[in-house]
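The values are calculated or read from the model by the stated rules, or taken from the named source; none is laboratory data. Just so you know, these numbers come straight off a predicted model, no measurement behind them. Using ideal geometry, Cβ is built from the backbone for each residue, glycine included, and neighbour counts are taken over all protein chains shown. When the accessible area is computed, the model is the full protein with side chains, heavy atoms only, and any ligands, DNA or RNA have been set aside. Shrake-Rupley method; radii C 1.70, N 1.55, O 1.52, S 1.80 Å.
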Amino acid sequence: SELYSYTEEPELSANRRCFEEDFHAQVQGRRWLELDGAQQKAYVMRLLDGLEVVNRDKRLRVARAILYLAQGVFGDCDNEGDVLHWSRHNSFLLYRLGTFTAFLELLNMEIDNSQACSSALRKPAISLADSTELRVLLSVMYLMVENIRVEQEEDPPEWKTCRETFRMELSFPVHTEEPFALLLFTMVTKFCSGHAPHFPMKKVLLLLWKVLLFTLGGFEALQAMKVRKREELGLPPLPEDSIQVMRSMRAASPPTYSIELVEQQQQQQQKRGHRSRRPLVKQDSLDIYNERDPFKNDEAGVDEEENDEVDSGIEGELDLMERDAMIPVMPAQRPPIERVSFPKGLPWAPKVRQKDIEHFLEASRNKFIGFTLGQDTETLIGLPRPIHESVKTLKQHKYVSISDVQIKNEEELEKCPMSLGEEVVQETPCEVLYRAMLYNLPQYMIALLKILLAAAPTSKAKTDSINILADVLPEEMPVTVLQSMKLGIDVNRHKEIIVKSISAALLLLLKHFKLNHIYQFEYVSQHLVFANCIPLILKFFNQNIMSYITAKN
């Protein structure tokens, strides 16, 4: 559903019409679901021949018919499950008959179509109609990538081999000089440079995200690769999978605005009337981990019932974490009544680097002996008993990361380039993508962040910022209130999806490059920082987070 916007709804029936007109001319009196495998193949082959014609409108009609197949022939299905089943089935069928390659050629033609670019540049307002062909092509490609990427239990073995071939085809350049993701990156930069304002950016970014997910692997695949790589380098296994740990942690509520806090306090004071003597103290969320100091308040003489009052008063108003973080100040006489159960330590295993042990020993030796021994972490003579214990604990939690090993290797290669010779680099999908991106990497990062800025909820529509709404605005602007409300929701939803796909793509790139080689990760990060990525992310938090995350677009 992220692939479509509400303004595209009429196109669904257009796809169906294109398919049915052609299908009934070829196959009389039967439905797609009733054909056997060979007949379906023969029909798809005939459709693919139709993509070769010179006439642009005819090509578009055939592409629409293929899109209807990829969407799961919804006209013939009775329920949603059937549509999804047929969408998957047809995607594999289309892939096996070479649809993806055919559409890739058409996509390249459309990207280089200077006529469409110049007409879009001349228009005062760009709408859906300017990107029709591109949207159809990208939708088919997206549906194929997404259906083939997702594994299911009941997939037949030939689908599994299909999936692997497709992954190889997308990861490594076969006919072209670059991997498929690079073509999408090029589309993004071309769009941002203002040469092709009619590109449907949302679909390009969604496809880019899914292609990265498919070729490089998601978080589970990444974790497995980490484990494998640590084994190869002879490092001890990871203590845990940090993403799994994060999943089981309780979400912290977003920080409230200070104005909201004041309002809440005033409301409670009005509710309690005379009982408004005790202020609420907002504490740092990490203070919950530390012991409470009962002597922070000089006010005294508050009776028990009031304690319960305060609790129940705040309860309705604040989130769990918030309630933990805002503690009614306790009277000084009596020991405090504990409501918060302290978590036992941090949620994940601590990690100590070799440098940390060295610094600790250096400081201790300076203090107790008066001189240091450099990088020696074994000699503990002359240091008191507790220091021995500390060093032992630090060494237990010593963690050598893959990046440490990579940096060490690089340093050695630099020291003796002649004797160590060339470094053997594995041809992983990640390495191939990085090599292809390297030449224009700064431009790709700047382009992604430009679009992210344009889609930020707090961004004002400046005249100089890029127009990312070209593929959501209809040709005729809304007339009724209902239509304009619908369009408003559609635009917000459109922006949210763009933000989601860009942030997911960046996160995948960073994580995979970091595993592939630490310096690749640093190079990408460096360009993100140069392109003002950090203030841009802060811009997202500079708003009422509660209303942002509860907005139903």
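Details
- Surface composition of the stretch 354-397: carbon plus sulfur atoms contribute 56% of the solvent-accessible area (1.4 Å probe, protein chains only, all chains present).
- Split the accessible area of the stretch 455-526 by element, probe 1.4 Å, and carbon with sulfur accounts for 61%.
- Seen from Leu448, the other residues with C-beta closer than 14 Å to its C-beta sum to a net charge of +4, counting Lys and Arg as +1 and Asp and Glu as -1.
- Computed on the stretch 354-397, with alpha-carbon pairs under 8 angstrom and 6+ residues apart, the relative contact order is 40 percent.
- Based on Cα contacts under 8 Å between residues 6+ apart, the stretch 1-171 shows a relative contact order of 23 percent.
- Placing dummy labels 7 Å off each Cα toward the beta-carbon, the span from His359 to Ser248 is 3.0 nm.
- Accessible area of the stretch 8-160 belonging to carbon and sulfur atoms, whole % at 1.4 Å probe: 51 percent
- Derived from the Cα gyration tensor, the three semi-axes of the equivalent ellipsoid of the stretch 51-173 are 29, 18, 12 Å, largest first.
- Accessible surface, per residue, of the stretch 354-397 when the full set of protein chains is kept, probe 1.4 Å, Å²: 69 Å²
- Charge tally in the Cβ shell below 14 Å around Phe513, where Lys, Arg are +1 and Asp, Glu are -1, Phe513 excluded: +3
- Seen from Lys392, the other residues with C-beta closer than 15 Å to its C-beta sum to a net charge of 0, counting Lys and Arg as +1 and Asp and Glu as -1.
- Stretched out straight at 0.36 nm per residue, the stretch from Ser13 to Ile549 would grow longer than its current Cα-Cα span by 189.6 nm.
- Residues whose placed amide H lies under 5 Å from that of Lys398, excluding near-sequence neighbours: Val352
- Accessible area per residue (1.4 Å probe, heavy atoms of protein chains only) ranks Arg493, Arg250, Arg167, Arg122 as Arg122, Arg250, Arg167, Arg493, with the largest value leading.
- The stretch 416-553: relative contact order as a whole-number percent, Cα under 8 Å and 6+ apart: 35 percent
- Per residue, the stretch 1-171 exposes an accessible area of 49 Å² to a 1.4 Å probe, with every protein chain left in place.
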